[in-house]
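Structure, as C-alpha cells:
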Amino acid sequence: MLVEINPKNIDSRLIDQAVKILQNDGIIIFPTDTVYSMGCNLRSKKALNNLAKMKGIKLSKANFSIICHDLSNLSDYVKHIDRPTFKLLKQSFPGPFTFILNATTEVTRIFDTNKKEIGIRIPDNKIILMIVEQLGNPIATTSLHNEEDTFLDYFADPYAIYERYEDEDQIEMIIDGGAGNLNASTVVDCTGDQTKIIRQGIGQIVL
C-alpha cells in the first residue's frame, strides 16, 4: 500500500494508520532526512524477526538502529553518557546522523543478542518523528540497501520503491513523503574514549 503524506501538511489519519500497522507487528517504508528506510515497532519481537528475515539474517546478527522522537527516553537504551557527548547529540539532532552508543541490557534483551552498542537516529523529518511519537516508543530501522550495495536512484524515489516492494508481504505501507536523498547519514562512534566519525555522510560535524 502506497500512501502519500505531504510533509508540509501532514494528514494525521495517515499517521494513525501507520502507527496501527506498527502496533500490529507490521513493517513500513518511510522517508527520513537521508535515504528511505524500513522499520518496525521496537517492542514487537515478531516484527523484529520479520525485519531481520527481510535482510536475510537472524535477529541476533542484525545491526539495526533505532529511531527516537527525542532524547527524553535515551537512558532506556543507552548507558550513561558524559556531558560532552550529550551536548553533541543535542547539537546534532534532529539531523542526518547515526550515533553509536553503549547499549543497555534492555537492547540485549530486545535483540536476543550480546550486542554492546546501538545506533541512535532522530531524523529531521516530521513524518517519521510524528509516527514514532504517537507509537510511544522507538522503531527499529534499517536501510533498504545491503551494505555492499551502492545507493541507486530507487532508494530516493518512493514510486520506484513501491514497484520493488509491492509484492513483499511483510511491507504493509510505503509512505511517499517526497523525493529522498541519495546520501546516507553520518555515523559517529561515541563508545570509546574518543569520539570518531566512522562513515562520513550528509551530516557535517566537527569533532
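Nothing in this text is a laboratory measurement; each read-out follows from the coordinates by a stated rule. Computed from a predicted model, the values in this text were never measured in an experiment. Please note: Cβ atoms are built from the backbone with ideal geometry, for glycine as well, and neighbour counts cover all protein chains shown.
Collect the residues in the range 22-43 that are over 15 Å from the mean Cα position of the chain (by Cα) and among the polar types (S, T, N, Q), keeping them in residue-number order.
Within the range 22-43, Q23, N24 qualify.
Condition first: under 26 Å from Y77 (Cα atoms) and within 17 Å of the chain's Cα centre (by Cα). Now tell me which residues in the range 172-197 satisfy that.
A184, S185, T186, V187, V188, D189, listed by residue number.
Of everything in the range 1-47 that's among the β-branched types (V, I, T) and farther than 15 Å from L129 by Cβ, which residue is surrounded by the most Cβ atoms within 10 Å (Cβ to Cβ)?
Among residues in the range 1-47 that are among the β-branched types (V, I, T) and farther than 15 Å from L129 by Cβ, the one surrounded by the most Cβ atoms within 10 Å (Cβ to Cβ) is I27.
Within the range 153-206, work out how many residues are assigned to a loop (DSSP other than H, G, I, E, B) and in contact (Cβ under 8 Å) with a residue 24 or more places away in the chain.
19
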